Structures are given as structure tokens and as C-alpha cells.
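Okay, structure first, notes after.
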Amino acid sequence: MGLVVYIGNHYLIYGNIKLYMLDLNALSIFARVAETGSITAAARHLRMPVSTVSRKLAEFEDQLGVRLFERSTRRLRLTDIGNEILEHAQRGIEVSDAVADIVSNRRTEVSGMLRLSAPPNISDNLLAPLLGAFQADYPAVELRVLVTDRRVDHIAEGIDLALRLGPLADSSLVATPVLRYRHRLVASPGYLTRAGRPARPQELALHRLLAFAQSADRHRWTFQKDGKRETVEFRAKLAMNDFTGLATLLAAGAGIGELPPIVAPALFASGQLVEVMPEWRLPTQELLAVHLGKRHIARPVRLFRDFVKARAGEMAGILPE
């Protein structure tokens, strides 16, 4: 592509024949269409009419005098030159975003709509405090939150950022780790007085075990201690797909179960729940902030992602692993 220069709100691309003065808005639209593979999806994320995105893309191709996409009835595919231009477009947008952040350095100037998704088990003790603290710092940002256990479709449902547990499978998404912690095996003091306190994983077979699950009949816990690993497979006396409900049952003396430290911290602080076999540790869990694309992330999304990463552990009362 030759020499590339960023000037103000424009991008100069000097090739072998022509010198192009390109508006960053056109580059932004092109990049979003390329990242989503769809004019409709790009329009949704840019919050623009589909007709406008389609027209701007056609004008951009006409200005360059090249075809940037191969079009089919269902999807767009970048041409070779489209791929080459995309790299420069993303770089220019990144510079533009950085400049915008410097110019708009007062938090009260940050505005816009931020659409979030999160699992229900973190909504009370982690998500709600985070949302309140974020809006205290950025009062002009409007928040819309979908609380659900399922994996959301970021494009179809218009989700800007999702907090999720577990590995990332969709390669079109970018994940930022924001919190690492371990589940704890817990019970009420009353239950342990009646049934006895297990000292090692094999002794759990003698106890009433409660599990977090939606439909499985068989469950598995894997513990580690001093480099040793032991796995316990069991059929739960009670299985439930809600950690908050499990915490209430466990505090009432229903048995032994695992809980994340985010859930029901007041039950631990009051002594209604205590840890069982603390030297045998369950695996580390990771809470991720997930969004589309590595580049051209809206400022409210970047700010919320960084805010959660900086504050989640403190608000959940969890020390770094």
C-alpha cells in the first residue's frame, strides 16, 4: 500500500499512482462491516440505518476504485486488497480513538448507551455494586443489562460487553480476564456437628452433597493439595442451577456443597457457612469481560471493561490468586 499518514480526521494512503484523502468515518464503517461480515450487523453496532452503511461502503469503494468485498446472498468476504486496506483502517481508527480519549479527558463527558450481559449468580453481590460505582464516575452513560445464564449472541442481541465464566469458544470475540477465584466447599456449623467434618475427598461419600447443575445426574469435584489431585464423582441429594439458592440451603444445614466467594459473602461473615477441607482446593475459575473485535471499541465499552478489571476483586472481597 505504500506510505500511510494520519492527519487530523483523515487518513492519507500514498500508493504507486494515487494519493487518497480518506475520512475516518468511512474507514470506520468499512472496518465494522469487515469485522462482522455483514452490512446489517455493522449497521446495528454503528447504530446507523442499513441503507446508510451500504451507501457509505459503496462510495468508499468508488473513491478507491477497487472492490473491497466479494458479495454473496448471505455474506461478504474481503478481497485481497480489502484485507490489506483493513489493516491500515484499523490502525487509523485506533489512533483516532486514542486522540478522542485524550481530548475528552473529563469523565462527565463520556456518554452513550452500554448494553451488558452477565450471569445471575454475580448480579447481587458483584454486578450491582460495579454498575452503581461505574455510573457514579460516568453519570452520562446509560446502562442496559441482560441477566442470563445462556451465551448471548453479541451481534443479534446488540450486546456490547458480556461478563461470563469459563473458556471462550467463539473466535470472533475478545476476552479480557477481570477476576480469578476459587470455589469453596462449604457447610453450616450445625450440619458438620451432626454429620462430622470430612478430612479428605473420599470421606465426602458419607455426606449429603448438593451440586450446582441444570440437568446432570452425576457430578464431579476435583481437588488439589500439595501437588496431589483427587476427583470425587457423586449423585447429588439436591441439584440446583442457582448458587444463591444453594447458599440458602447450605446455611440451613442441608449438606455440603461448593460456592463461589462472590455468592452470599454475608453468610460467611456471620459464621452461618464455613469452609470444609480448606487445604483441599478446587480449581481456579476466571470471570471474563467479552466483546466483539480487538479494535474500534466504543469508549464506554473500553472504560467499563477496564473499570471491572480494576475494581471487581476489591468489590467482591477476593484477593488476587
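Please work out which one of (1) within 24 Å of Pro167 (Cα to Cα); (2) modelled with pLDDT of 95 or more; (3) not hydrophobic (A, V, I, L, M, F, W, C) is the condition Gln272 fails and give its number.
(1)
Checking the condition modelled with pLDDT under 85, β-branched (Val, Ile, Thr) and crowded, with 17+ Cβ neighbours inside 10 Å, which residue from Ile13, Ile29, Ile7, Ile17 passes?
After applying the criteria, what remains is Ile13.
Within the stretch 44-76, restricting attention to residues that are small (Gly, Ala, Ser) and over 23 Å from Arg91 (Cβ atoms), which residue is surrounded by the most Cβ atoms within 10 Å (Cβ to Cβ)?
Looking at the filtered set, the residue picked out is Ser54.
For the stretch 283-321, which positions are among the aliphatic types (A, V, I, L, M), in contact with a Leu (Cβ under 7 Å, 6 or more places away or on another chain) and modelled with pLDDT of 90 or more?
Listed by number, the residues that qualify are Leu288, Ala289, Val290, Val301, Val308.
So, in the stretch 254-271, exactly how many residues are aliphatic (A, V, I, L, M), surrounded by fewer than 20 Cβ atoms within 10 Å (Cβ to Cβ) and under 19 Å from Ala128 (Cα atoms)?
2
Residues that are in contact with an Asp or Glu (Cβ under 6 Å, 6 or more places away or on another chain) and either over 30 Å from Ser111 (Cβ atoms) or touching a residue at least 60 places away in the same chain (Cβ under 8 Å) (or both), at least 3 per element: which strands (runs of 3 or more DSSP E) completely within the stretch 206-314 meet that?
By residue number, 218-225.
Given the conditions (1) assigned to a loop (DSSP other than H, G, I, E, B); (2) surrounded by 13 or more Cβ atoms within 10 Å (Cβ to Cβ), report the number of the one that Ala199 does not fulfil.
Of (1) assigned to a loop (DSSP other than H, G, I, E, B); (2) surrounded by 13 or more Cβ atoms within 10 Å (Cβ to Cβ), only one is false for Ala199: (2).
Please identify the pairs in which a residue from the stretch 119-130 that is among the small types (Gly, Ala, Ser) has its Cβ atom under 8 Å from the Cβ atom of a residue that is surrounded by fewer than 19 Cβ atoms within 10 Å (Cβ to Cβ), counting only partners at least 6 apart or on another chain.
Pairs that qualify, where the first residue is among the small types (Gly, Ala, Ser) and the partner is surrounded by fewer than 19 Cβ atoms within 10 Å (Cβ to Cβ), are Ser123/Val147.
Can you tell me which of (1) in contact with a Leu (Cβ under 9 Å, 6 or more places away or on another chain); (2) among the charged types (D, E, K, R); (3) surrounded by 13 or more Cβ atoms within 10 Å (Cβ to Cβ) is the one Asp149 doesn't meet?
Of everything listed in (1) in contact with a Leu (Cβ under 9 Å, 6 or more places away or on another chain); (2) among the charged types (D, E, K, R); (3) surrounded by 13 or more Cβ atoms within 10 Å (Cβ to Cβ), Asp149 misses just condition (1).
The values are calculated or read from the model by the stated rules, or taken from the named source; none is laboratory data. From a predicted model like this one, the values you see are computed outputs, not experimental measurements. FYI the Cβ positions are ideal-geometry reconstructions off the backbone, even for glycines, and counts take in every protein chain you see.
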